[in-house]
Amino acid sequence: MGTLRLILGDQLSHDIAALQDCDKNADTILICEVWDEATYVKHHKKKITFVFSAMRHFAKELENKGFTVRYTHLDDKKNAGSFRGEVERAVKEIKPDKVITTFPGEWRVYEDMKGWEKGFGTPVEIREDDRFLCTIDDFAKWAEGRKSLRMEYFYREMRKQYNILMDGNKPEGGEWNYDSQNRKTPKGELDVPVPYQANIDEITQDCIDLVAEKFSDHFGDLDPFYFAVTRDQALYALDKFISERLEKFGDYQDAMVQGEPWLYHSHLSFYINCGLLNPLECIQKTEAAYQNGAAPLNAVEGFIRQILGWREYVRGIYWLNMPGYEKENFFVADRALPDFFWTTNTKMNCLRQCISETKQNAYAHHIQRLMIIGNFSLLAGLSPEEVNEWYLIVYADAYEWVEMPNVTGMILFADGGLLASKPYAAGGAYINKMSDYCKNCSYSVSKKNGPKACPFNYLYWDFLGRNEDKLQNNPRLGMSYRTLGKMSDEKKQAIREDAQRFFKDINNA
Ligand code: FAD
Ligand code: DLZ
Ligand code: SF4
């Protein structure tokens, strides 16, 4: 008897809604490693290790606090292999009055949950996930009747609502957004601090061994493993970010440097998304650093904008548009993912660096995801379905609610401009400005055409040409289309031929 409290792998917060009135003497907390979740896409090996180890540590902490935890290991003989199967098995064995859980992060899980009450003949309560700072309903209210759903306006509302970086009813420093001060190009030696690396304990080692055995055919390097897997470790990583990196976070937010996968980013998304850190505590701690004079406004506002603005906004966009958002394909793009997305084997140095780092770390920072891998996916007309699956697989912070709007909306413009006002398309010059990748590349960034030319240069114009009917009236692309319009027929023909040659042999590019 008592209630059965289901905690999913991205709900590892001690104050999660499903645990808020948990009775230590009567209730059972269910946490389960299930085959379906580990394989519905073939997640990066580090991602599975991280989620399993964090789940096992969380279960142990709950037990130490006196809760009754029913923990299903992946290789338990009776493991039913799915959330539904494991909840049903627990309901049959424990016979609870009720099942309580928290709203999940993915549509497919929610769809499944909706059928549990009828299926099991036991009441099922799905509670609001109050770790998010904007409810799904409040986002829908904000979006209602608006012609365009720009993040900036949503973000301003959130700043006011939570009284973050406000000076009365005005934004701190007079501006809402200091993005223009966040584009410093990396020149000379950057003294990037070593990021937090947790030690491997017995629980994590067991998970590493399990993943090595069961998921050897999944993408990604398992070693070295250094993610935080407990709340204490994640809090330490947060404090270390604030004391060592936050100061320069703003300046180098858009920078890319060969051999520096972590730069001044926070590397906290894994911990926030799985519940080890609460987004509001990250915001408040960084705001305090600004108030104490430990970090400048452009850094603190930039960081807070990502969490209070973008993170909440993309979640709102996901639930506002599901189901259906996963099928969006504005450009009718259908090219298969090139092999090098898995092998890293490409002569394009920028892509080779970013995909290799992704393979090694299950992490790439935002501008690598957006302007290198994302930009290429857009320009090459890769299938949104395949690109979405890749991003969901390869990053340890990826869950559909956050991955899909970033891919479908932000990088591929596959939703036709619901999220972004224009496609984030750029040629080699931008990559050369924001990184040092080009100097080590087989292609020449200054060449516009021919086999030696940087492919981003002609793919950019080929993309605009291919999609002229859909994009030419976009006011933010007016200048690019005017330039395209002024090009000679020979030049346009050279661009088309270069692009066709590139696509024909894309796996050897
Ligand atoms: P920082 O640069 O330190 O930023 C601080 C925090 O802000 C992050 O930890 C994250 O919680 C939040 N944040 C920043 N940008 C975004 C954003 N665009 N959307 C949502 N939250 C944001 N983020 C994920 O958490 N999971 C994903 O699956 C994911 N997929 C992405 C796919 C693409 C194509 C792109 C362009 C971005 C994606 N992002 C995703 C957003 C962003 O790239 C990552 O949150 C960030 O790189 C994580 O590293 P960090 O913690 O060092 O971030
Ligand atoms: C990502 C993931 C993986 C790999 N495995 C599990 C698991 O075995 N059990 C679990 O509860 N959660 C797992 N997760 C996280 C879930 O995929 C996530 O909770 C749902 O997609 C809802 O967002
Ligand atoms: Fe990338 Fe082009 Fe620079 Fe090579 S030259 S690193 S392909 S942008």
> Does the range 405-455 hold any residues that are polar (S, T, N, Q), within 9 Å of ligand 3 (Cβ to nearest atom) and surrounded by 14 or more Cβ atoms within 10 Å (Cβ to Cβ), and which are they?
Replying inline: Asn432, Ser435, Ser444
> Can we say Leu276 is buried (at least 23 other Cβ atoms within 10 Å of the Cβ) and either in contact with a strand residue (DSSP E or B) (Cβ under 9 Å, 6 or more places away or on another chain) or in a loop (DSSP other than H, G, I, E, B) (or both)?
Replying inline: yes
> When the residues of the range 26-66 are filtered to those that are of a type in the set (Phe, Trp, Tyr) and surrounded by 19 or more Cβ atoms within 10 Å (Cβ to Cβ), which remaining residue is farthest from ligand 3 (Cβ to nearest atom)?
Replying inline: Phe58
> When the range 292-338 is examined, which residues are found to be of a type in the set (S, T, N, Q) and within 16 Å of the chain's Cα centre (by Cα)?
Replying inline: Gln306
> Take the residues of the range 87-114 that are more than 14 Å from ligand 2 (Cβ to nearest atom) and assigned to a helix (DSSP H, G or I): which is surrounded by the fewest Cβ atoms within 10 Å (Cβ to Cβ)?
Replying inline: Lys92
>> I'd like the full set of residues that are under 15 Å from Gly416 (Cβ atoms) and either of a type in the set (Phe, Trp, Tyr) or in a loop (DSSP other than H, G, I, E, B) (or both), limited to the range 322-347.
In response: Gly324, Tyr325, Glu328, Asn329, Phe330, Phe331, Val332, Ala333
> Of the numbered conditions (1) in contact with a Phe, Trp or Tyr (Cβ under 7 Å, 6 or more places away or on another chain); (2) crowded, with 17+ Cβ neighbours inside 10 Å; (3) farther than 22 Å from Phe303 by Cβ, Arg127 satisfies every one except a single condition; which is it?
Replying inline: (2)
>> Can you say whether Pro384 is at pLDDT 95 or above and within 14 Å of ligand 1 (Cβ to nearest atom), as far as the supplied structure shows?
In response: yes
> Can you tell me which residues in the range 36-47 are in a helix (DSSP H, G or I), within 17 Å of the chain's Cα centre (by Cα) and more than 16 Å from Pro224 (Cβ to Cβ)?
Replying inline: none
> For the range 305-359, what are the residues that are farther than 19 Å from Thr408 by Cα, away from ligand 3 (no atom under 16 Å from the Cβ), crowded, with 19+ Cβ neighbours inside 10 Å and in contact (Cβ under 8 Å) with a residue 60 or more places away in the chain?
Replying inline: Arg305, Leu308, Lys359
>> Can you tell me which condition Val229 does not meet? The list is (1) under 30 Å from Ser435 (Cβ atoms); (2) not in a helix (DSSP H, G or I), and all the others hold.
In response: (1)
> Across the range 247-262, which residue is farthest from Gly293 (Cα to Cα) among those that are crowded, with 22+ Cβ neighbours inside 10 Å and touching a strand residue (DSSP E or B) at 6+ places or on another chain (Cβ under 8 Å)?
Replying inline: Met256
> Where residues in the range 456-491 are small (Gly, Ala, Ser) and either modelled with pLDDT under 95 or surrounded by 14 or more Cβ atoms within 10 Å (Cβ to Cβ) (or both), which of them is farthest from ligand 1 (Cβ to nearest atom)?
Replying inline: Gly465
>> Return the residues of the range 32-47 that are under 20 Å from Met404 (Cβ atoms) and β-branched (Val, Ile, Thr); say none if nothing qualifies.
In response: Thr39, Val41
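Each row is one residue, and each column tells you yes or no for (1) assigned by TED's automatic domain parsing to the domain that holds Met256; (2) more than 16 Å from ligand 2 (Cβ to nearest atom).
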site: Gly293; (1), (2): yes, yes
site: Val300; (1), (2): yes, yes
site: Ile307; (1), (2): yes, yes
site: Tyr313; (1), (2): yes, yes
site: Lys347; (1), (2): no, yes
site: Tyr363; (1), (2): no, no
site: Met371; (1), (2): no, yes
site: Leu382; (1), (2): no, yes
site: Met410; (1), (2): no, yes
>> So, Lys285, is that one surrounded by fewer than 21 Cβ atoms within 10 Å (Cβ to Cβ), more than 23 Å from Arg231 (Cβ to Cβ) and either touching a Cys at 6+ places or on another chain (Cβ under 6 Å) or not small (Gly, Ala, Ser) (or both) or not?
In response: no
>> Anything in the range 315-332 that is of a type in the set (D, E, K, R) and either within 8 Å of ligand 1 (Cβ to nearest atom) or assigned by TED's automatic domain parsing to the domain that holds Asn163 (or both)? List them, or say none.
In response: Arg315
> Of the residues that make up the range 55-64, is at least one closer than 19 Å to Gly119 by Cβ and within 12 Å of ligand 2 (Cβ to nearest atom)?
Replying inline: no
> List, please: which pairs have Cβ atoms under 8 Å, are six or more places apart or on different chains, and start with a residue in the range 266-280 that is away from ligand 3 (no atom under 16 Å from the Cβ) and end with one that is at pLDDT below 95 and in a loop (DSSP other than H, G, I, E, B)?
Replying inline: His267/Pro195; His267/Tyr196
> Has the range 386-400 got at least one residue that is more than 16 Å from ligand 2 (Cβ to nearest atom) and under 20 Å from Ala499 (Cβ atoms)?
Replying inline: yes
> Of the residues that sit in the range 133-175 and are basic (Lys, Arg) and over 23 Å from Lys422 (Cβ atoms), which one is surrounded by the most Cβ atoms within 10 Å (Cβ to Cβ)?
Replying inline: Arg159
>> Condition check: without any contact (Cβ under 8 Å) to a residue 60 or more places away in the chain, assigned by TED's automatic domain parsing to the domain that holds Asp415 and within 30 Å of the chain's Cα centre (by Cα). Does Leu459 satisfy that?
In response: no
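The values are calculated or read from the model by the stated rules, or taken from the named source; none is laboratory data. All of these numbers come straight from a predicted model, not from anything done at the bench. All Cβ positions, glycine included, derive from the backbone under ideal geometry; neighbour counts span all protein chains shown.
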